[in-house]
Amino acid sequence: MNLRFSHIYVEKRVLNDSYVQKILTKFKGAEIIEINHYKDRFNPYYQSFRAQKQAQSLILAKKEAPFIYGASELIQKQDKNFFYTTPMLNCIYDCHYCFLQGMYPSSNLVLFVNFEDFFDEVEKVYKNLGNMFLSISYDTDILAVENLFGVAKIWADFVKNKDIKLELRTKAVNVDGFEYQKNIVFAFSLSPEIVIEKYEKYTPKLDSRIKAIKKVINKGFRPVIVFDPIIKVPNYKKVYEEFIKKIFREIDYKDIESIVYGTFRMNSTQFKIIKKQLLSDIYYYPYSVKNGIVEYKDKEEIIKFIESLLPNIKKFKV
Ligand code: SF4
């Protein structure tokens, strides 16, 4: 059983913020604990990421600069002016392959509430460049907690009349609250059901994700489909062939903006940390390490095979 958010830590400096007060009313039974700085709770090295996943606490805090970041080599850069931002750290889902396990000492969910500071910095960069592609869901799955926090909607309102594409990368199916807005990019991560069951704990089933995709298409959006990370499960060719055929039987590829795909890969330091704390066969395949990145030895063969199954539309790969 997951006892999520029975404890909420709030930085004293944001306690009287109206957004914070609104959030706290949603967790009536929770114990509220005032803290000086979120890092006092989040950063100590002696915590157990895995144990905290069973009973995640929520931390409401103020972020300090930087507020946006450029692409790294592990991210598919879908646009010239690509940036990502981190309004939230950690995720209520628990994917075996998630790099966050190796990046953060804590799995508690940090929600930054100083939206205006994020917006000011985005505004500066935007004014300079004229347009942007901004992902707000890399270090979390923001839509998974949209009913609780409404963060995606706040960002959607901020970019409304700007030439900023706002990417919501997600495994969630929580799309009802969004009406058509031309610069919101829903990017749905899909995996074969066998991968979801084994490696994507707490996430919606494949059929529910397909339904969510159909819903946003019906509202006029052109979603992105993300096959990333592709996991080398036993019989992966058969598994992925059936999976990709199913997707494009149910969804007309002409309604899709693009496909993003890539095989499992990870920074080698994070890989080692996770291997020590999570018992998962994902970390025991034959890998190669190149420039500090762990990836399948036969990555090229897997990619070639997946590409042979994809329709002829815009694609981005790592
Ligand atoms: S949905 Fe994404 S952020 Fe959340 S646990 Fe899975 S991989 Fe990590």
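The values are calculated or read from the model by the stated rules, or taken from the named source; none is laboratory data. Note that the structure is predicted; figures quoted are calculated from it, not measured. Backbone-built Cβ (ideal geometry, glycine too); neighbour counts: all protein chains shown.
Key figures
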{"read-out": "Residue in region 110-126 that is closer than 29 Å to residue 276 by Cα, touching a residue at least 60 places away in the same chain (Cβ under 8 Å) and within 16 Å of the ligand (Cβ to nearest atom) present", "value": "yes"}
{"read-out": "Number of positions in region 242-260 that are closer than 20 Å to residue 317 by Cα and either in contact (Cβ under 8 Å) with a residue 60 or more places away in the chain or loosely packed, with under 14 Cβ neighbours inside 10 Å (or both)", "value": "8"}
{"read-out": "Candidate set: region 151-204, residues that are touching a Ser or Thr at 6+ places or on another chain (Cβ under 6 Å) and in contact (Cβ under 8 Å) with a residue 40 or more places away in the chain; chosen: the one nearest to the ligand (Cβ to nearest atom)", "value": "171"}
{"read-out": "So residue 96, is it surrounded by fewer than 20 Cβ atoms within 10 Å (Cβ to Cβ), modelled with pLDDT of 95 or more and within 16 Å of the ligand (Cβ to nearest atom)", "value": "yes"}
{"read-out": "Residues of region 185-202 satisfying the condition of being in a strand (DSSP E or B) and more than 23 Å from residue 274 (Cβ to Cβ)", "value": "185, 186, 187, 188"}
{"read-out": "Entirely in region 220-318, the helices (runs of 4 or more DSSP H) that have 1 or more residues that are within 30 Å of residue 175 (Cα to Cα)", "value": "236-250, 299-309"}
{"read-out": "Of all residues making up region 10-55, the number that are of a type in the set (Phe, Trp, Tyr) and within 23 Å of the chain's Cα centre (by Cα)", "value": "4"}
{"read-out": "Filtered residue count, region 23-46, keeping only those that are in a helix (DSSP H, G or I) and surrounded by 12 or more Cβ atoms within 10 Å (Cβ to Cβ)", "value": "7"}
{"read-out": "Matching residues in region 127-140 - criterion: being under 19 Å from residue 58 (Cα atoms) and either away from the ligand (no atom under 16 Å from the Cβ) or in contact with a Leu (Cβ under 9 Å, 6 or more places away or on another chain) (or both)", "value": "136, 137, 139, 140"}
{"read-out": "Residue 83 vs. criteria among the aromatic types (Phe, Trp, Tyr), within 23 Å of the chain's Cα centre (by Cα), surrounded by 14 or more Cβ atoms within 10 Å (Cβ to Cβ) and in a loop (DSSP other than H, G, I, E, B)", "value": "no"}
{"read-out": "Any chance residue 9 is assigned to a helix (DSSP H, G or I), at pLDDT 95 or above and of a type in the set (Phe, Trp, Tyr)", "value": "no"}
{"read-out": "Members of region 213-241 that are away from the ligand (no atom under 14 Å from the Cβ), under 29 Å from residue 133 (Cα atoms) and touching a residue at least 12 places away in the same chain (Cβ under 8 Å)", "value": "213, 214, 215, 216, 217, 219, 220, 221, 222, 223, 224, 225"}
{"read-out": "Region 188-209: number of residues that are over 15 Å from residue 229 (Cβ atoms), more than 15 Å from the chain's Cα centre (by Cα) and buried (at least 19 other Cβ atoms within 10 Å of the Cβ)", "value": "1"}
